[in-house]
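Colleague: I am attaching a structure below and will ask some questions about it afterwards.
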Amino acid sequence: MGTQRLQDKTALVTGGSRGIGRAIAERLAADGALVVLTYASDETAAREVVERIGKDGGRALALRAGLGRHGDAAHLWEAFDARVVEHAPGGGVDIIVNNAGIARSADLPALTEEGFDEVFAVNVRAPFFIVQEGLKRLRDGGRIINVSSGAAHLAMPEAIAYGATKSALDNFTLNLAKSLGPRGITANSVAPGIIDTDVNAGWLRGNAQAEAHAASLAALGRVGQPHDVADVVAFLASHDARWVTGRVIDATGGSGL
Ligand code: NAP
(Lines give C-alpha, C1' and ligand atoms only; values in the text may rest on other atoms or scores of the structure.)
Protein backbone atom coordinates (compact mmCIF):
# COMPACT_ATOMS: atom_id res chain seq x y z
CA MET A 1 0.00 0.00 0.00
CA GLY A 2 1.02 3.61 -0.53
CA THR A 3 1.25 6.41 1.97
CA GLN A 4 -2.54 6.68 2.37
CA ARG A 5 -2.35 10.39 1.68
CA LEU A 6 -5.86 10.25 0.16
CA GLN A 7 -7.48 8.54 3.13
CA ASP A 8 -11.13 9.67 3.56
CA LYS A 9 -11.21 11.00 0.00
CA THR A 10 -13.54 9.79 -2.74
CA ALA A 11 -12.37 9.88 -6.35
CA LEU A 12 -14.25 9.48 -9.62
CA VAL A 13 -12.12 8.16 -12.48
CA THR A 14 -13.89 7.98 -15.84
CA GLY A 15 -12.63 5.24 -18.13
CA GLY A 16 -10.95 3.57 -15.18
CA SER A 17 -11.26 0.04 -16.48
CA ARG A 18 -8.34 0.01 -18.91
CA GLY A 19 -5.16 1.82 -19.88
CA ILE A 20 -4.25 5.10 -18.23
CA GLY A 21 -7.53 5.25 -16.28
CA ARG A 22 -6.91 1.83 -14.78
CA ALA A 23 -3.47 2.92 -13.59
CA ILE A 24 -4.96 6.10 -12.12
CA ALA A 25 -7.69 4.14 -10.33
CA GLU A 26 -5.14 1.71 -8.87
CA ARG A 27 -2.77 4.46 -7.78
CA LEU A 28 -5.44 6.64 -6.13
CA ALA A 29 -6.77 3.56 -4.33
CA ALA A 30 -3.23 2.70 -3.17
CA ASP A 31 -3.08 6.23 -1.78
CA GLY A 32 -6.19 5.45 0.28
CA ALA A 33 -9.03 6.95 -1.77
CA LEU A 34 -12.34 5.22 -2.33
CA VAL A 35 -12.26 4.99 -6.12
CA VAL A 36 -15.38 4.99 -8.26
CA LEU A 37 -14.30 3.99 -11.73
CA THR A 38 -16.49 4.10 -14.81
CA TYR A 39 -16.42 2.16 -18.05
CA ALA A 40 -18.38 2.04 -21.30
CA SER A 41 -18.91 -1.63 -22.06
CA ASP A 42 -16.04 -3.87 -20.96
CA GLU A 43 -17.50 -5.10 -17.68
CA THR A 44 -14.93 -7.88 -17.31
CA ALA A 45 -12.06 -5.41 -17.39
CA ALA A 46 -13.80 -3.14 -14.88
CA ARG A 47 -14.46 -6.04 -12.50
CA GLU A 48 -10.84 -7.10 -12.76
CA VAL A 49 -9.64 -3.64 -11.69
CA VAL A 50 -12.03 -3.56 -8.72
CA GLU A 51 -10.83 -7.03 -7.64
CA ARG A 52 -7.17 -6.11 -8.07
CA ILE A 53 -7.64 -3.00 -5.93
CA GLY A 54 -9.48 -5.03 -3.29
CA LYS A 55 -6.72 -7.64 -3.17
CA ASP A 56 -4.20 -4.85 -2.68
CA GLY A 57 -6.20 -3.61 0.31
CA GLY A 58 -7.88 -0.69 -1.43
CA ARG A 59 -11.50 0.27 -2.00
CA ALA A 60 -13.14 0.61 -5.42
CA LEU A 61 -16.40 0.13 -7.24
CA ALA A 62 -17.24 0.23 -10.92
CA LEU A 63 -20.12 1.91 -12.71
CA ARG A 64 -21.17 1.33 -16.27
CA ALA A 65 -21.47 4.82 -17.75
CA GLY A 66 -21.23 5.27 -21.48
CA LEU A 67 -20.31 8.85 -22.36
CA GLY A 68 -21.06 10.80 -25.50
CA ARG A 69 -24.84 11.08 -25.42
CA HIS A 70 -27.01 13.83 -23.99
CA GLY A 71 -27.86 13.15 -20.36
CA ASP A 72 -24.92 10.79 -19.78
CA ALA A 73 -23.31 12.94 -17.10
CA ALA A 74 -26.53 13.13 -15.12
CA HIS A 75 -26.94 9.34 -15.35
CA LEU A 76 -23.37 8.82 -14.23
CA TRP A 77 -23.85 10.93 -11.12
CA GLU A 78 -27.19 9.31 -10.28
CA ALA A 79 -25.48 5.93 -10.34
CA PHE A 80 -22.56 7.38 -8.37
CA ASP A 81 -24.88 8.72 -5.63
CA ALA A 82 -26.74 5.43 -5.39
CA ARG A 83 -23.61 3.30 -5.02
CA VAL A 84 -21.13 5.48 -3.15
CA VAL A 85 -23.17 5.79 0.05
CA GLU A 86 -22.68 2.07 0.71
CA HIS A 87 -18.98 2.81 1.10
CA ALA A 88 -18.87 6.46 2.18
CA PRO A 89 -21.87 7.58 4.22
CA GLY A 90 -22.79 11.12 3.21
CA GLY A 91 -21.61 10.63 -0.34
CA GLY A 92 -19.90 13.47 -2.18
CA VAL A 93 -16.65 13.51 -4.06
CA ASP A 94 -13.19 15.05 -3.59
CA ILE A 95 -11.38 14.22 -6.82
CA ILE A 96 -12.80 14.13 -10.34
CA VAL A 97 -10.56 12.65 -13.02
CA ASN A 98 -11.90 13.09 -16.55
CA ASN A 99 -9.86 10.40 -18.24
CA ALA A 100 -12.25 8.59 -20.61
CA GLY A 101 -11.50 9.62 -24.15
CA ILE A 102 -11.38 8.30 -27.67
CA ALA A 103 -8.80 8.84 -30.39
CA ARG A 104 -10.03 9.07 -33.94
CA SER A 105 -7.64 9.34 -36.86
CA ALA A 106 -8.80 11.50 -39.72
CA ASP A 107 -7.17 14.34 -41.56
CA LEU A 108 -9.31 17.25 -42.66
CA PRO A 109 -10.32 15.81 -46.05
CA ALA A 110 -11.34 12.53 -44.39
CA LEU A 111 -13.13 14.07 -41.41
CA THR A 112 -16.89 13.53 -41.28
CA GLU A 113 -19.35 15.59 -39.27
CA GLU A 114 -20.36 12.41 -37.43
CA GLY A 115 -16.76 11.64 -36.55
CA PHE A 116 -16.21 15.20 -35.39
CA ASP A 117 -19.32 15.14 -33.21
CA GLU A 118 -18.40 11.78 -31.71
CA VAL A 119 -14.92 12.74 -30.59
CA PHE A 120 -16.08 16.09 -29.22
CA ALA A 121 -19.02 14.46 -27.42
CA VAL A 122 -16.77 12.03 -25.51
CA ASN A 123 -13.62 14.10 -25.06
CA VAL A 124 -15.13 17.54 -24.44
CA ARG A 125 -18.87 17.60 -23.84
CA ALA A 126 -18.79 14.73 -21.35
CA PRO A 127 -16.12 16.35 -19.11
CA PHE A 128 -17.99 19.69 -19.21
CA PHE A 129 -21.22 18.19 -17.95
CA ILE A 130 -19.57 15.71 -15.59
CA VAL A 131 -18.02 18.70 -13.86
CA GLN A 132 -21.20 20.80 -14.05
CA GLU A 133 -23.18 18.03 -12.30
CA GLY A 134 -20.23 17.02 -10.15
CA LEU A 135 -19.88 20.49 -8.64
CA LYS A 136 -23.03 19.78 -6.65
CA ARG A 137 -21.05 17.01 -4.93
CA LEU A 138 -17.44 18.24 -5.05
CA ARG A 139 -16.21 19.34 -1.65
CA ASP A 140 -14.21 22.53 -1.06
CA GLY A 141 -10.50 21.84 -1.43
CA GLY A 142 -11.26 19.29 -4.15
CA ARG A 143 -9.44 18.42 -7.31
CA ILE A 144 -10.39 18.29 -10.99
CA ILE A 145 -7.88 16.57 -13.26
CA ASN A 146 -8.47 16.38 -16.99
CA VAL A 147 -6.48 13.88 -19.03
CA SER A 148 -5.51 15.86 -22.09
CA SER A 149 -2.76 15.03 -24.60
CA GLY A 150 0.51 16.34 -25.93
CA ALA A 151 -1.44 16.42 -29.21
CA ALA A 152 -3.18 19.58 -27.96
CA HIS A 153 0.02 21.51 -28.41
CA LEU A 154 1.47 20.22 -31.64
CA ALA A 155 0.33 19.79 -35.20
CA MET A 156 -0.94 16.28 -35.91
CA PRO A 157 -2.98 16.77 -39.08
CA GLU A 158 -3.76 13.05 -39.26
CA ALA A 159 -5.90 13.38 -36.11
CA ILE A 160 -7.04 16.95 -36.56
CA ALA A 161 -10.26 16.81 -34.54
CA TYR A 162 -8.68 14.82 -31.69
CA GLY A 163 -6.06 17.53 -31.11
CA ALA A 164 -8.80 20.15 -31.09
CA THR A 165 -10.74 18.26 -28.40
CA LYS A 166 -7.73 18.27 -26.11
CA SER A 167 -7.07 21.98 -26.70
CA ALA A 168 -10.69 22.61 -25.77
CA LEU A 169 -10.25 20.51 -22.63
CA ASP A 170 -7.19 22.54 -21.63
CA ASN A 171 -9.16 25.77 -22.01
CA PHE A 172 -11.89 24.25 -19.84
CA THR A 173 -9.22 23.50 -17.23
CA LEU A 174 -8.17 27.17 -17.22
CA ASN A 175 -11.70 28.40 -16.69
CA LEU A 176 -12.39 25.88 -13.95
CA ALA A 177 -9.24 26.90 -12.11
CA LYS A 178 -10.25 30.56 -12.21
CA SER A 179 -13.84 30.04 -11.16
CA LEU A 180 -13.27 27.38 -8.49
CA GLY A 181 -10.12 28.81 -6.89
CA PRO A 182 -12.11 30.65 -4.20
CA ARG A 183 -13.32 27.25 -2.97
CA GLY A 184 -9.79 25.89 -2.78
CA ILE A 185 -10.54 23.56 -5.69
CA THR A 186 -7.69 23.12 -8.17
CA ALA A 187 -8.12 22.17 -11.83
CA ASN A 188 -5.27 20.90 -13.96
CA SER A 189 -4.71 18.97 -17.15
CA VAL A 190 -2.20 16.17 -17.57
CA ALA A 191 -0.86 15.74 -21.09
CA PRO A 192 0.51 12.27 -21.88
CA GLY A 193 2.57 11.50 -24.96
CA ILE A 194 2.52 8.04 -26.55
CA ILE A 195 1.47 5.56 -23.88
CA ASP A 196 1.34 1.79 -24.25
CA THR A 197 -2.42 1.22 -24.04
CA ASP A 198 -5.03 -0.50 -26.21
CA VAL A 199 -5.42 2.73 -28.18
CA ASN A 200 -1.95 2.27 -29.63
CA ALA A 201 -1.82 -1.54 -29.56
CA GLY A 202 -2.59 -1.93 -33.24
CA TRP A 203 0.48 -0.15 -34.51
CA LEU A 204 2.80 -0.31 -31.51
CA ARG A 205 2.70 -3.67 -29.75
CA GLY A 206 4.86 -6.35 -31.26
CA ASN A 207 6.27 -3.95 -33.86
CA ALA A 208 9.89 -3.33 -32.88
CA GLN A 209 10.41 -0.67 -35.52
CA ALA A 210 7.33 1.31 -34.51
CA GLU A 211 8.28 1.01 -30.85
CA ALA A 212 11.81 2.24 -31.49
CA HIS A 213 10.43 5.21 -33.41
CA ALA A 214 7.90 6.03 -30.66
CA ALA A 215 10.63 5.73 -28.02
CA SER A 216 12.90 8.06 -29.98
CA LEU A 217 10.29 10.84 -29.84
CA ALA A 218 10.67 11.12 -26.05
CA ALA A 219 13.81 12.66 -24.56
CA LEU A 220 13.70 9.88 -21.97
CA GLY A 221 13.99 7.36 -24.80
CA ARG A 222 11.13 4.95 -24.23
CA VAL A 223 7.41 4.55 -24.72
CA GLY A 224 5.36 5.78 -21.76
CA GLN A 225 3.50 3.36 -19.49
CA PRO A 226 0.11 4.08 -17.88
CA HIS A 227 1.64 4.40 -14.41
CA ASP A 228 3.97 7.16 -15.70
CA VAL A 229 0.82 9.25 -16.10
CA ALA A 230 -1.02 7.91 -13.05
CA ASP A 231 1.78 9.04 -10.72
CA VAL A 232 1.45 12.61 -12.02
CA VAL A 233 -2.30 12.50 -11.50
CA ALA A 234 -1.73 11.20 -7.96
CA PHE A 235 0.51 14.17 -7.23
CA LEU A 236 -2.11 16.63 -8.53
CA ALA A 237 -4.76 14.86 -6.45
CA SER A 238 -2.69 15.17 -3.29
CA HIS A 239 -2.34 17.95 -0.73
CA ASP A 240 1.20 18.51 -2.05
CA ALA A 241 -0.27 20.02 -5.24
CA ARG A 242 -2.55 22.50 -3.45
CA TRP A 243 -0.78 25.52 -5.00
CA VAL A 244 -0.82 24.26 -8.59
CA THR A 245 -3.89 25.15 -10.64
CA GLY A 246 -4.93 26.04 -14.16
CA ARG A 247 -1.92 24.28 -15.69
CA VAL A 248 -1.22 21.62 -18.24
CA ILE A 249 1.31 19.25 -16.73
CA ASP A 250 3.36 17.58 -19.44
CA ALA A 251 3.74 13.82 -19.04
CA THR A 252 5.25 13.03 -22.41
CA GLY A 253 8.73 12.00 -21.25
CA GLY A 254 10.03 15.13 -22.93
CA SER A 255 8.55 14.69 -26.39
CA GLY A 256 9.25 17.36 -28.97
CA LEU A 257 11.84 19.18 -26.90
P1 NAP B 1 -8.08 3.13 -23.46
O2 NAP B 1 -6.98 2.18 -23.10
O3 NAP B 1 -8.77 2.98 -24.78
O4 NAP B 1 -9.16 3.12 -22.29
C5 NAP B 1 -10.27 3.93 -22.43
C6 NAP B 1 -11.14 3.88 -21.20
O7 NAP B 1 -12.20 4.83 -21.38
C8 NAP B 1 -11.78 2.54 -20.96
O9 NAP B 1 -12.04 2.40 -19.60
C10 NAP B 1 -13.10 2.67 -21.73
O11 NAP B 1 -14.14 1.83 -21.25
C12 NAP B 1 -13.43 4.13 -21.47
N13 NAP B 1 -14.21 4.71 -22.55
C14 NAP B 1 -13.89 4.77 -23.86
N15 NAP B 1 -14.87 5.33 -24.58
C16 NAP B 1 -15.84 5.64 -23.68
C17 NAP B 1 -17.12 6.21 -23.79
N18 NAP B 1 -17.63 6.60 -24.96
N19 NAP B 1 -17.84 6.37 -22.67
C20 NAP B 1 -17.35 5.98 -21.48
N21 NAP B 1 -16.16 5.42 -21.30
C22 NAP B 1 -15.42 5.24 -22.40
O23 NAP B 1 -7.56 4.66 -23.45
P24 NAP B 1 -6.18 5.28 -22.91
O25 NAP B 1 -5.16 5.14 -23.96
O26 NAP B 1 -5.91 4.80 -21.53
O27 NAP B 1 -6.56 6.83 -22.86
C28 NAP B 1 -7.10 7.44 -21.69
C29 NAP B 1 -7.06 8.96 -21.89
O30 NAP B 1 -5.71 9.37 -22.15
C31 NAP B 1 -7.89 9.46 -23.08
O32 NAP B 1 -8.52 10.66 -22.73
C33 NAP B 1 -6.84 9.70 -24.15
O34 NAP B 1 -7.24 10.67 -25.09
C35 NAP B 1 -5.67 10.16 -23.32
N36 NAP B 1 -4.36 9.99 -23.97
C37 NAP B 1 -3.91 8.74 -24.32
C38 NAP B 1 -2.68 8.62 -24.93
C39 NAP B 1 -2.13 7.29 -25.33
O40 NAP B 1 -1.10 7.26 -26.03
N41 NAP B 1 -2.72 6.17 -24.96
C42 NAP B 1 -1.92 9.76 -25.21
C43 NAP B 1 -2.39 11.00 -24.85
C44 NAP B 1 -3.63 11.11 -24.22
P45 NAP B 1 -14.36 0.34 -21.90
O46 NAP B 1 -13.23 -0.49 -21.37
O47 NAP B 1 -15.68 -0.11 -21.41
O48 NAP B 1 -14.30 0.51 -23.38
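Colleague: Please report how far the C-alpha centroid of segment 19-51 lies from that of segment 199-227, rounded to the nearest whole angstrom.
Modeller: 24
Colleague: Any chance you could run the full-extension gain for Arg205 through Phe128? It's 0.36 nm times the residue separation minus the Cα-Cα distance, nm to one decimal.
Modeller: 24.4 nm
Colleague: Here's something else I'd like to know. Might you work out the accessible area of Asp56 for me, using a 1.4 Å probe with all protein chains in place, and round it to the nearest 10 Å²?
Modeller: 80
Colleague: Which percent, nearest 5, of DSSP beta bridges in the chain are antiparallel?
Modeller: Around 5 percent of the beta bridges assigned by DSSP in the chain are antiparallel ones.
Colleague: Over the Cα atoms, compute the radius of gyration (one decimal) and Dmax (the largest Cα-Cα distance, rounded to a whole number) for the chain, in Å.
Modeller: Rg and Dmax of the chain, Cα atoms, are 17.4, 52 Å.
Colleague: Using modelled backbone amide H atoms (1.01 Å from N, in-plane), which distant-in-sequence or interchain residues come within less than 5 Å of Ile102's amide H?
Modeller: Counting only residues 5 or more places away or on other chains, the set is Asn123.
Colleague: Continuing with the same structure: If I ignore ligands, DNA and RNA and count only protein heavy atoms, how much of Arg47 is accessible to a 1.4 Å probe, in Å² to the nearest 10?
Modeller: Its accessible surface works out to 120 Å², give or take rounding.
Colleague: Work out how much length Ile102 to Phe235 would gain on full extension: take 0.36 nm times their residue separation and subtract the Cα-Cα distance, in nm to one decimal.
Modeller: 45.4 nm
Colleague: Given Ala23, Ile53, Gln132, which one lies farthest toward the positive end of the charge dipole of segment 18-140, if we put +1 on the Cβ of every Lys and Arg and -1 on the Cβ of every Asp and Glu?
Modeller: The one lying farthest along the dipole's positive direction is Ile53.
Colleague: Between the DSSP loop rule and a limit of at most 14 other Cβ atoms within 10 Å, which trypsin sites (Lys or Arg not before Pro) in segment 63-145 are left?
Modeller: Arg69, Lys136
Colleague: Can you give the relative contact order of the chain as a percent, counting alpha carbon pairs under 8 Å and 6+ residues apart?
Modeller: Reported as a whole number, the value is 19 percent.
Colleague: Could you give the nm distance between label points at Glu43 and Glu158, where each point is 7 Å from its Cα heading toward the beta carbon?
Modeller: 3.7
Colleague: If I model a spin label as a point 7 Å beyond the Cα along the Cα-Cβ vector, how far apart are those points for Lys55 and Leu220 in nm?
Modeller: 2.6
Colleague: Still on this structure: Quick one: Karplus J couplings for segment 70-77, per residue in order, coefficients 6.51, -1.76, 1.60, θ = phi - 60°, nearest Hz, x for Gly and Pro?
Modeller: Along segment 70-77, the couplings run 4, x, 5, 5, 4, 5, 4, 6 Hz.
Colleague: Of Lys136/Lys166; Lys55/Lys136; Lys55/Lys166, which pairs sit farther than 28 Å apart, going by alpha carbon to alpha carbon?
Modeller: Check vs 28 Å cut-off fails for Lys55/Lys136; Lys55/Lys166.
Colleague: Run the dipole for the chain about the Cα centre, Lys and Arg Cβ at +1, Asp and Glu Cβ at -1, nothing else charged, and hand back the magnitude in debye, nearest 20.
Modeller: Dipole size: approximately 660 debye.
Colleague: What does the helix-only formula give at 222 nm for the chain: each DSSP H stretch with n ≥ 4 adding -39500 (n - 2.57), the total divided by the residues, and the result rounded to the nearest 500 deg cm²/dmol?
Modeller: -12500 deg cm²/dmol
Colleague: Could you grab the relative contact order for segment 166-238? Cα pairs under 8 Å, six or more apart, rounded to a whole percent.
Modeller: Result for segment 166-238 is 26 percent.
Colleague: About the Cα centre, and with charges only on the beta carbon of Lys, Arg (+1) and Asp, Glu (-1), how big is the dipole of segment 1-86? Nearest 20 debye, please.
Modeller: It works out to roughly 180 debye.
The values are calculated or read from the model by the stated rules, or taken from the named source; none is laboratory data. The structure displayed is predicted, hence computed values, not measured ones. Glycine also receives a Cβ, built like all others from the backbone with ideal geometry; neighbour counts cover every protein chain displayed. Areas reflect the complete protein model, heavy atoms only, side chains present, ligands, DNA and RNA absent. Shrake-Rupley method; radii C 1.70, N 1.55, O 1.52, S 1.80 Å.
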